[in-house]
Structures are given as structure tokens and as C-alpha cells.
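Engineer: Below is a structure I'd like to ask you about.
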Amino acid sequence: MAYDYSKYLRAGKIPHIWCPGCGYGIIMKSLIRAIDATGIDKDDIVLTSGIGCASRLPGYMDFNTLHTTHGRSLAFATGVKVANPKLKVIALGGDGDMTAIGGNHFIHACRRNIDITCFVFNNYIYGMTGGQYSPTTPKNSKATTAPYGNADNQFDIAQLAIGAGATFVARTTTYHAVPMEKLIKQALDHKGFSVVEIMAGCPTGYGRKNKQGSPANMILWQKENAVPANKAKEMSEEEMAGKFAIGVLHEVQKAEYVEAYDAQVGLK
Amino acid sequence: MAREIRFLQGNEAVCEGALYAGCRFYAGYPITPSTEIAEGLSASLPKVGGRFIQMEDELAAMAATIGGSIAGKKSMTATSGPGMSLKMENLGYGYLTEIPCVIVNVMRGGPSTGLPTGPGQSDVMQAKWGTHGDHPAIVLTPSTVQEQLNETVRAFNLAEKYRMPVILLTDEIIGHMREAIEIPEPGELEVIDRKRPTCDPKDYKPYKPEADLVPPMADFGSGYRYHITGLNHAEDGFPSNNGKMAQADEIRQENKVMHHYDDIVKVEEFECADAEIIVFAYGSSARSAKEAVIKAREEGVKVGLFRPLTLWPFPEKHLEKYVGKTKKFIVPELNLGMIKLEVDRVVKGQAEVVGINKIDSDPITPVEIMDEIRRSK
Ligand SMILES: Cc1ncc(C[n+]2csc(CCOP(=O)(O)OP(=O)(O)O)c2C)c(N)n1
Ligand code: SF4
Ligand SMILES: [Mg+2]
């Protein structure tokens, strides 16, 4: 029997704003199935986002949803979580939202190890504003603000999260919709700050300019270049050039921020 | 029963006021001359079951403050000019989304990093107009350490009642001075909590106003699942591109404040009834102004002090009473003449309006104000 998403979607809010072929619909469905699998009550879930195409997702979901300012998803989420730690707080945003304008909030949320689950939708581009280069746009790629090719170096979001202290870090792609669901569930179950970087195609803002072909081709590109984490470990830097590891990349247990704070100040 | 008398610093009195009002969450970033507020609440909040967090910058501090309020806690942040500039982005979010919270700006001197340890009053226009877009503002300007406490309580009350951010705009002089103040007994000052919905969650519309133009606000996690966005939105909280609706909503927000002018605007009118000269002064400058007025009265000059404790909305209804009667208005302020513009606007050329302006990090002295009063004779 086909899975019924309607329990988690807000009636009357679909169709969504995303372009045909955008990867974000696949993420939303995996996210719904994963949340469903955790069994957490809808009333207890807070979903925050910044600004961008990715950040429009919470508007479609039947939780307590907070669409904030560009880059600030995690800063608002931190306030919600510290004020009421009983809530399950999920913060999402695009690559620009989370690692450019919101980069400072991102690394500090990682460092605190606050119990928030963070999803970064990485489409290599500023989608909503029409295709300007972001901190994850590959070198030499074309963007509307890089008509001669991008001179910038790329952020590796997962490595950034690991370096900054996140205690669960994973990467997946929209090609891997079923494993994505499992990874998202693992991230939601993890106590502490968890990050899942989700590679998604933006045919409109990135694909077209970079001759990546149809949306289907962009998904196949993910399949061809994704390397399972355990295999990636055994590959050399040259072998990994242009490829990326997927799966759980980092998982440790460490004191969670609010619990540590409460213990420190003698609360409860 | 005699009230407890304590010798407190102005910033400490803000902490006392916050706790009295029921503040249970503070998110901040340290900056002179406001830091004692963060330090004080980091120590006292846990004792009343609240939490403190030092964020990575003031953008984050403002965001977290709003987040804390959405989660149901009375929330506050404090800063000074450079931090206030960073807070502007999410302050605007707080206005559009109508989230109650209190922002303290302990003003210092200069634009940019300016004169970090000196006083200033140059953020009075920023407090009203600093964030982009049309929005109402409530800004309170205490002058004494006692008022630092009482006006902080009032700031929380107004934030909760009108469902919006409220700014307590004080300055380095009052923030750092020490005075003996009376700590109000529990129950002595009114403490207001926001209206929360009582309807069936299915029927809840987070931006459907009641007769007072204020919509009830549900805590996240209380069973009322709803959407909050910084995009213009319909009564159900979801974004809308309908410009007419956006306009109507923003006018409604403006009106929720302006229709309650009498409840919000508080002014001290001292010796104003027969005054030929009125000194219009707020915050620390009003302390010198009061002394000057008392001295000048002793010399037989008919002079009064008009002192707004609510600077925004501008107390024009109160001020208009004196227009046509008073010959001269003197506006001392630690900026190059910002609020004087507002006095000019209300006086409409029917009296002389003179500013006394300093931005050299020194307070305006009673003597300087006396000199201007004497020049009027
Ligand atoms: C302060 C601010 N600066 C700029 C913008 C314009 N803006 C909106 S979305 C966006 C980029 C979004 O890119 P990303 O976060 O990668 O999300 P995507 O649209 O690709 O999902 C920008 C620059 C804004 N809304 N706010
Ligand atoms: S612009 Fe790109 S990211 Fe935005 S909806 Fe279209 S395809 Fe998706
Ligand atoms: Mg993007």
C-alpha cells in the first residue's frame, strides 16, 4: 500500500512552490517517513528554517513551524530549545542559508552540541534568488554572479560540522531516498547536535547553467559520484576527487548542551 | 510592611525588574555598558528556574530571544549601539510576527564602535526607525535607578499586552549609576501575561485580532500547531502576496499601539501648568533638566520639565497641550538634535525650539540648561 503522507502535510498548502525537477520534494517525503518512524507527537515537534527554497518546507508541514530570517534558523531554534527542552527541535536551511549568512550560527550550534537536528539542503547554489554562487558551488562552475566560472573554494559541510563539534554527521542524496529516510531517523534519534547534509539538484539555478542535463540526469550524477562512507575511507584523495562520501560520517556521544547547563547551574 | 531598600546599579535594577516581571529566558552577547545585565541574569535566572545563554553574536541573541518567547517564556536581551544595529534584522522579524520580548539598549557614544564607555542618546531615532519597513514601536526611557526597575516591568507588561517587542532605551549614565531604590513587594506592581488562545486548536488563527487589535498567542508545544513567518501573512499565519492584505495588517499593528496611546504613553509633567518655557528632556539628560528647572523656579522663572518615560510612540497628545501657550521649548539631548525634530513637528513653529546638544561623552549639566533658560528672559 502506498504510504499516506497526508497526516503530516497541511491541507490546502500543496502545491508547493518548488520547480518541476527540484530535489526538495524527495527530501520532504523522506523527512515525513522518518519523523513518522520516530513516533514523536506532532505537537512536540518544532521545525525552523531560514530563507530560501529549502526554507519554504516547514510551511507545508503540520508541526509548530517557524520560517525565520536568512541564515538564522539555528539561532531561533536554539532559543526555542533552551526555553523548552522538552520540544523536539529540527532546523533546516539551504547551503547558502546555513553556511554563508548563517555560518556563524551553524558552527556554534555544532560546538554547543545542543539537542537539535539540522538538515542542510545542498544544491550548490542560491536557488531562490536565481542562481548565484554559494559557499558550496564547485570551483569553475557557472553561476549568475560567476559568469566566467567560480573562483571560490568550496565548503565541505559535513567536515565543517565535524570540525565544529557536531556529534552526529551524515551525508546523503536525493537519489538515495530510502537510505536518506534511515539516516534522518538516526539523526533524529541522536541526542546532541546532529547534521545531515542532503545533496539535492537545482535544475533551474544550477543544472541549466552547468550543462547537467535533465533533473533525472542530475540525480544520476549523485548516484555516480556518491561513495559509501566505509569505502571512501579506503580511497585516496585523487580517487575521491569530484566524489563525496555518503552515510554516517561521524558519531560520538557527548554531554548535551541544555543538560550540561542545567547540571552546571543546579537547575531541577 | 516596609519595602526592602537596596543600593543598586542601574543595570542591576533592570535585572531585578526582569525577574519581577517573570522573565525566564535571556539570550545576549556582552557589550559595554550593558554587560552587567547579562552577568546579573546569568547568576539569577537559574535560581528562579530560568535559563541564560550567551550567543555567538547579537543577530543570534535577538533570534534566540524571540525563539524563547515563542516557546512560552518571557524573554529578554540587552546590548548597546553596535549590538543594537545587529539586532535590527530580527527585531523587524519580531515586529512583523508580533512576538513579545524586551530589548534593552544601554546607549553609549558615537556611531560604529564610537565611545564605548561614554554615555550617548544618539540611538533614539534608531529605536523607532532602525529596522526596515513600517511597524509600530514602544520605547521606554527611564531616568532613575528606581525607574530602571519599574520601567523594565512595564516594558514586559506592554510587550505581553500588545504582543510585540518593546525597547527599554537607557544610557551609560543611568546604567552605571548607583542609587537607593525600593524593591516592590510581590503583587505590588501589576504583572501582565500574554493572552493565550482558548479556542479549539483546529479553529486557531494566530493573527486574528480580538477587539483590542491584539491576536492571542499560543506557545509552541501547547497543542496549537501553527506557522510563523517573516513574510507578510494572512490571519492563519501563512504567507500571502496580497498587498492589500499586507497593508491592512500593518495598519492594524500600527493601530494596536496608537489606539492604546493613553495606556502606553507615560510622561512626567513637572511645573508645566503655567510654564512659559518647557524643557523637554528624557533619560539621563532629564536628571540635569529637573535640577535646572527647580533652580530656575527659585529664581522666579516660569519653567517646567516635560519628561517622556515613553519616547515612542512620541507623546504628542501630551505635548500639544502646551503648544500656543509656551514661548520656548528647550531640548537637551546627548545627540545632535534628534528628538528636537519631533518637538519641532508638534510645535509647528508656534514657539521657539532650541536644542542643547553634546556628543563629547560628557553629560549635559544643569548649568548648561540654566544658561539656556536665562537666555530666554
Ligand atoms: C538578509 C538577506 N540577504 C539576502 C536575501 C536574499 N536571499 C533569499 S534566499 C537567498 C539564498 C538562498 O540560497 P540557499 O540558502 O542555498 O537556499 P536555496 O534557495 O538554494 O534552497 C538569498 C541570498 C535575504 N532574503 N535576506
Ligand atoms: S530554484 Fe532550484 S532549489 Fe529553488 S525550487 Fe527551483 S529547482 Fe528547487
Ligand atoms: Mg542552495
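Rule-based calculations on the coordinates, nothing more; no lab input. Treat the numbers as computed from the prediction; the structure is a model and nothing was measured. Don't worry about glycine lacking a Cβ; one is built from the backbone with ideal geometry, like all the others, and counts go over all protein chains shown.
Engineer: Could you tell me the center-to-center distance, by alpha carbons, between the stretch B:142-157 and the stretch B:85-99 in angstrom?
Structural biologist: Cα centroid of the stretch B:142-157 versus Cα centroid of the stretch B:85-99: 22 Å apart.
Engineer: Next up: Averaged over its residues, how many other protein chain Cβ atoms are within 10 Å of peptide B:69-78's Cβ atoms? Before the final figure, lay out the partial values.
Structural biologist: Values: counts 3, 9, 12, 4, 5, 1, 3, 0, 1, 0.
Taking all residues of B:69-78 together, the mean is 4.
Engineer: HN-Hα J couplings of the stretch A:115-132 from phi, Karplus 6.51/-1.76/1.60, θ = phi - 60°, integer Hz, Gly and Pro as x?
Structural biologist: My calculation for the stretch A:115-132 gives 6, 10, 9, 10, 10, 10, 8, 9, 10, 6, 6, 7, x, 4, 8, x, x, 8 Hz in order.
Engineer: With label points built 7 Å along Cα→Cβ from the Cα atoms of B:THR32 and B:SER376, find their separation and express it in nm.
Structural biologist: In this crude spin-label approximation the distance works out to 3.7 nm.
Engineer: Ok, one more. Sequence neighbours fewer than 8 away in the same chain don't count; with that in mind, list the aspartates and glutamates whose C-alpha is under 19 Å from B:LYS302.
Structural biologist: The qualifying aspartates and glutamates are B:GLU268, B:GLU269, B:GLU271, B:ASP274, B:GLU276, B:GLU291, B:GLU320, B:GLU352, B:GLU368, B:ASP371, B:GLU372.
Engineer: How do the peptides B:327-333, A:72-78, B:52-58, A:242-248 rank, highest first, by the average count of neighbouring beta carbon atoms within 10 Å per residue? Intermediate results must be reported in sequence, preceding the final value.
Structural biologist: Working: B:327-333: 23.1, A:72-78: 33.0, B:52-58: 20.6, A:242-248: 17.7.
The peptides rank, most packed first, as A:72-78, B:327-333, B:52-58, A:242-248.
Engineer: Once the principal axes of the Cα atoms of chain A are found, what is the range along each, listed largest first in whole angstroms?
Structural biologist: Answer, in whole Å and largest first: 58, 45, 36 Å.
Engineer: Could you work out the mean projected area of the convex hull around the alpha carbons of the stretch B:269-375, in square nanometres to one decimal?
Structural biologist: Numbers: hull surface 23.6 nm².
Taking a quarter of the hull surface, the average projection is 5.9 nm².
Engineer: Mind checking the stretch B:233-302 for GluC sites (Glu not before Pro) that DSSP puts in a loop (not H, G, I, E or B) and that have at most 12 other Cβ atoms within 10 Å? Intermediate results must be reported in sequence, preceding the final value.
Structural biologist: Values: sites: B:GLU235, B:GLU250, B:GLU254, B:GLU268, B:GLU269, B:GLU271, B:GLU276, B:GLU291, B:GLU298, B:GLU299; in loops: B:GLU235, B:GLU271, B:GLU276, B:GLU299.
Hits after loop and neighbour filter: B:GLU299.
Engineer: While we're here: When you have a sec, figure out the Kirkwood radius of the protein assembly as shown from all distinct Cα pair distances and drop it here in Å to one decimal? Show your work: numbers first, answer last.
Structural biologist: Working: mean 1/r = 0.0380 Å⁻¹.
Value: 26.3 Å, from the Cα pair sum.
Engineer: Work out how far the C-alpha atoms of the stretch B:113-195 reach from end to end along every principal axis, then list the three figures in whole Å, largest first.
Structural biologist: Largest first, the stretch B:113-195 extends 41, 36, 15 Å along its Cα principal axes.
Engineer: For an R0 of 25 angstrom, estimate the FRET efficiency from the Cβ-Cβ distance between B:LYS302 and B:MET125 and round to the nearest 0.05.
Structural biologist: Details: r = 31 Å, r/R0 = 1.24.
Once rounded, the FRET efficiency stands at 0.20.
Engineer: Only loop residues by DSSP count here, and only those with at most 14 other Cβ atoms within 10 Å; note down the chymotrypsin sites (Phe, Trp or Tyr not before Pro) in the stretch A:132-189 that meet that.
Structural biologist: On the way: sites: A:TYR133, A:TYR148, A:PHE155, A:PHE168, A:TYR175; in loops: A:TYR148, A:PHE155.
For chymotrypsin sites (Phe, Trp or Tyr not before Pro) across the stretch A:132-189 that sit outside H, G, I, E and B with at most 14 neighbouring Cβ atoms in 10 Å, the list reads A:TYR148.
Engineer: Could you list which residues have their amide H under 5 Å from that of A:ASN122, counting only those 5 or more apart in sequence or on another chain, with H placed in the peptide plane?
Structural biologist: HN-HN under 5 Å from A:ASN122: A:ILE198, A:MET199, A:ALA200.
Engineer: Taking K and R as +1 and D and E as -1, what net charge do the other residues with C-beta under 11 Å from the C-beta of A:ILE246 add up to?
Structural biologist: Within the 11 Å Cβ shell, the charges total +3.
Engineer: Here's another thing I want to ask about it. Hey, what did the stretch B:269-375 get for relative contact order, percent, Cα under 8 Å, at least 6 apart? Write down the numbers at each step before the final one.
Structural biologist: Numbers: 183 pairs, mean separation 34.1, N = 107.
Here the relative contact order equals 32 percent.
Engineer: Would you mind getting me the FRET efficiency between B:VAL367 and B:ASP57? Use the beta-carbon distance for r and R0 = 60 Å, nearest 0.05.
Structural biologist: Numbers: r = 42 Å, r/R0 = 0.69.
The calculated FRET efficiency here is 0.90.
Engineer: Starting from the alpha-carbon convex hull of the stretch A:11-56, give the projected area averaged over all orientations, in nm².
Structural biologist: Working: hull surface 15.6 nm².
Spelled out: convex hull of the Cα atoms, projected over all directions, averaged, 3.9 nm².
Engineer: Please list, ordered by chain and number, the residues whose modelled amide H lies under 5 Å from the amide H of A:ALA143; skip anything fewer than 5 residues away on the same chain.
Structural biologist: Counting only residues 5 or more places away or on other chains, the set is A:GLY149.
Engineer: For the stretch A:1-25 and the stretch B:310-377, what is the separation of their Cα centres, given in Å?
Structural biologist: The stretch A:1-25 and the stretch B:310-377 have Cα centres separated by 59 Å.
Engineer: I need two numbers for chain B: Rg to one decimal and Dmax as a whole number, Cα atoms only, in Å.
Structural biologist: 20.8, 68
Engineer: Using Cα-Cα distances under 8 Å and only pairs 6 or more residues apart, what relative contact order does the stretch A:68-213 have, in percent?
Structural biologist: Working: 304 pairs, mean separation 35.4, N = 146.
For the stretch A:68-213, the relative contact order is 24 percent.
Engineer: Once both axes come from the Cα atoms, what is the angle between helix B:10-21 and the longest principal axis of chain B, in degrees from 0 to 90, rounded to 10?
Structural biologist: Orientation of helix B:10-21: about 40 degrees from the principal axis.
Engineer: OK, next. Quick one: if the Förster radius is 25 Å, what FRET efficiency do B:SER112 and B:HIS176 give, using the C-beta to C-beta distance and rounding to 0.05?
Structural biologist: Values: r = 21 Å, r/R0 = 0.85.
In this case the efficiency is close to 0.70.
Engineer: Please work out the C-alpha center-to-center distance from the stretch A:56-86 to the stretch A:148-224 and express it in whole Å.
Structural biologist: Here the two parts' Cα centres lie 21 Å apart.
Engineer: Rounded to the nearest 10 degrees, what's the angle between the helix B:243-258 long axis and the longest principal axis of chain B, both from Cα atoms, 0 to 90?
Structural biologist: Compared with the principal axis, the helix lies near 50 degrees.
Engineer: What relative contact order, as a whole-number percentage, does the stretch A:19-265 give when Cα pairs under 8 Å and 6 or more residues apart are counted? Could you put the intermediate results ahead of the total?
Structural biologist: Details: 545 pairs, mean separation 48.6, N = 247.
RCO, the stretch A:19-265: 20 percent.
Engineer: Within a 10 angstrom radius of each residue's Cβ in B:48-56, how many Cβ atoms of other chains show up on average? Whole number is fine.
Structural biologist: On the way: counts 0, 2, 4, 9, 3, 10, 0, 8, 11.
Counting Cβ atoms of other protein chains within 10 Å of each residue's Cβ and averaging gives 5.
Engineer: Here's something else I'd like to know. Take every Cα-Cα pair in the stretch B:1-109 and report what % of them are more than 16 Å apart.
Structural biologist: Numbers: 3201 of 5886 pairs.
Pairs farther apart than 16 Å: 54 percent.
Engineer: Right, something else. Determine the alpha carbon to alpha carbon distance for each of B:LYS266/B:LYS325; A:LYS7/A:LYS86; A:LYS86/B:LYS87; B:LYS87/B:LYS128; A:LYS142/A:LYS182 and list only those over 25 Å.
Structural biologist: Working: B:LYS266/B:LYS325 21 Å; A:LYS7/A:LYS86 22 Å; A:LYS86/B:LYS87 27 Å; B:LYS87/B:LYS128 13 Å; A:LYS142/A:LYS182 34 Å.
Table pairs above 25 Å Cα-Cα are A:LYS86/B:LYS87; A:LYS142/A:LYS182.
Engineer: 7 Å from Cα along Cα→Cβ at both B:ASP262 and A:TYR148: what's the point-to-point distance in nm?
Structural biologist: Label-label distance for B:ASP262 and A:TYR148, simple model: 6.8 nm.
Engineer: Continuing with the same structure: At q = 0.19 Å⁻¹, what is the base-10 log of I(q)/I(0) for the stretch A:1-129 according to the Debye formula with one equal point scatterer per Cα and no solvent? Please give it to two decimals.
Structural biologist: Taking Cα atoms of the stretch A:1-129 as identical point scatterers yields -1.07.
Engineer: Based on the alpha carbon coordinates of the stretch B:4-183, what radius of gyration and maximum Cα-Cα distance (Dmax) apply, in Å?
Structural biologist: Considering the stretch B:4-183 through its Cα atoms, Rg and Dmax are 14.4, 44 Å.
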